[in-house]
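For reference, the structure is listed below as structure tokens.
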Amino acid sequence: RSSAASDVYKRQQFQGLPYSACGRGGVVENVCYREITMHRIVDEAVTIDLHYPDPTVEARLDAPPVFRDVRIFRVRCTGAGTAVRLRGLPEQSLEHITLENLRISAGNGFSCEDVRNLQMRGVDITCDTHEGPTCGVQTSS
């Protein structure tokens, strides 16, 4: 249930800090990422997405995954496709997500959907290509 990663360097990867879980069920909580440096991330620098991308996995509607108490701080990234993507499910929001001291330059900014109790402090996102809005928030608090 608990995990942590610190002092990580990633370069030329598809995703920076990815979490996705729909179809798997279970609980992910007490997660902490800190002191992360990334360069040239193709997709998202930071992702928590409960819409599982694998079409061969059938979503468990009876037991959607639970993601809560995730803290991500002191992250630096240049050249990401998208800075941050947080996407829960209508039936199970992401809960208690903290983003602190993030500095990310990306083609696209920040998107947030079905998230409850999101806290952001010192988040600096620069959109390089202006392909979309810097920040998009839906059904979140």
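Please compute the modelled spin-label separation between residue 117 and residue 91, points set 7 Å along Cα→Cβ, answer in nm with one decimal.
2.3
Along Cα→Cβ, 7 Å out, is where each label goes; now give me the distance between the ones at residue 74 and residue 105 in nm to one decimal.
If labels sit at residue 74 and residue 105, their model points lie 2.3 nm apart.
The numbers here are math on the coordinates, done by the rules we state, and not lab data. It should be emphasised that the depicted structure is a prediction, and the values quoted were computed from it without experimental measurement. Cβ coordinates were reconstructed from backbone atoms using ideal geometry, including for glycine residues, and neighbour counts include every protein chain displayed.
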